[in-house]
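What follows is one structure encoded as structure tokens, with my remarks underneath.
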Protein chains: 2
Amino acid sequence: MARRTRGAETDTPSAILDLAERLVQVRGFNGFSYGDVASELGVTTAALHYHFAGKAELGAALIARYAARFGDALAEIEAGGDDPPTKLEAYAGLYLDVLSDQRMCLCGMLAADYQTLPKQMRDAVVSFFDENEVWLARVLEQGKADGTLHFTGSATEAAQMIVGGLEGAMLVARPYGDTERFQTAAHRLLASVAHP
Amino acid sequence: MARRTRGAETDTPSAILDLAERLVQVRGFNGFSYGDVASELGVTTAALHYHFAGKAELGAALIARYAARFGDALAEIEAGGDDPPTKLEAYAGLYLDVLSDQRMCLCGMLAADYQTLPKQMRDAVVSFFDENEVWLARVLEQGKADGTLHFTGSATEAAQMIVGGLEGAMLVARPYGDTERFQTAAHRLLASVAHP
DNA sequence: GTCTATAACGAGATAGAC
DNA sequence: GTCTATCTCGTTATAGAC
């Protein structure tokens, strides 16, 4: 047969990215190796080097795919046409989905590893946060305009607090293995921009 | 001469802990080696193994010392006798001090590395967060009682949000190299338990 | 208490066969 | 596109001299 049309993880590069993504989200960028990915995939590390020249390139590809997927999810929320408070809930839901899979946000994890990352990865991590904050700030402005949200200071500042707050809630919830803990914190964070 | 009475970092074990602590806070537990500490200290790795049997023991000692120091700082804030809102500001100030030194909170960093840590370290990380939350919850209760703080839900839930929020604000602020960003987020977090 | 020496292993990477 | 084989280096750890 030729090759699957849309089966997502049938090709090797995607399978590598899937495995490496999970490993980074669970163990950190310095906590996994080419060998880990190769053995889980049932190939040798040489095969990995064929698809991704080195760990830096693999890491950069991971962030690019993750950011694209996250961007798609944001666009989908936007297209939903719900009111701003509901959009914020949906946004927090994206984080909850990741945490429910026992993972940390990829870029939150890489933020911890930041000082050890190759340049290309560093810039991509910062861009991820920038994009999230721009999207959130827009939703917050919408809410302020239509009266469904109420907060002091700039929308950007509020957006930065929400991104940091959600990342931190994930970070701390994981050692406790407690998604409830995340949800409670997330609701409190969102409530802080919802009440007059 | 005999040996310094209180010069803090004159003895080798303390010097090892100081260097290792900074390395973990900057690079993560899987981002530094005995070799890094040894070369910075000007000794061999064999000398390190004399003082700390292995990386797991060194890591456990790091958390124990860090938690003790943090506990002392909390007791000092408590002893200050300020009102609850001022105590919360002082608490956030502890995080700012760490971040201003270009470091992540030791236990926040280890929370990211959690899945790769030896058991003894895992338990100590969770205990650190527990102690912080108990202390914060007490301050929040005080504030609620004397009318200087106002929040919905339990004090423990609010405390968990604050700890997670501050850790996340640090986590994200570091890639930006922006302490202002942390401070703005921290003030917003504290404001969410301060206004009626 | 620190050193030299060395063991034992794992990690990232490459060359060249198939 | 994947393999075998190999290289080089870093990391943790130990034995024994000083």
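Read-outs throughout are calculated quantities, based only on the coordinates presented, and are distinct from any laboratory measurement. Remember, it's a predicted structure, so these values are computed and weren't measured experimentally. Positions of Cβ are backbone-derived with ideal geometry, glycine not excepted, and every protein chain shown enters the neighbour counts.
Overview of results
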| read-out | value |
| --- | --- |
| Any hit, region A:98-111, residues being within 16 Å of DNA strand D (Cβ to nearest atom) and farther than 22 Å from A:LEU190 by Cα | no |
| Top-ranked residue of region A:177-196 - restricted to ones that are more than 20 Å from the chain's Cα centre (by Cα) and in a helix (DSSP H, G or I), ranked as farthest from the other protein chains (Cβ to nearest Cβ) | A:ALA191 |
| Tally, over region A:42-78, of residues that are surrounded by 15 or more Cβ atoms within 10 Å (Cβ to Cβ) and not in a helix (DSSP H, G or I) | 2 |
| Some residue of region A:127-134 being more than 7 Å from chain B (Cβ to nearest Cβ), under 20 Å from B:VAL125 (Cβ atoms) and within 19 Å of the chain's Cα centre (by Cα) | no |
| Region B:100-126, subset within 7 Å of another protein chain (Cβ to nearest Cβ) and not in a helix (DSSP H, G or I), residue farthest from A:MET170 (Cα to Cα) | B:MET104 |
| Every residue from region A:20-57 that is away from DNA strand C (no atom under 13 Å from the Cβ) and aliphatic (A, V, I, L, M) | A:VAL26, A:LEU41 |
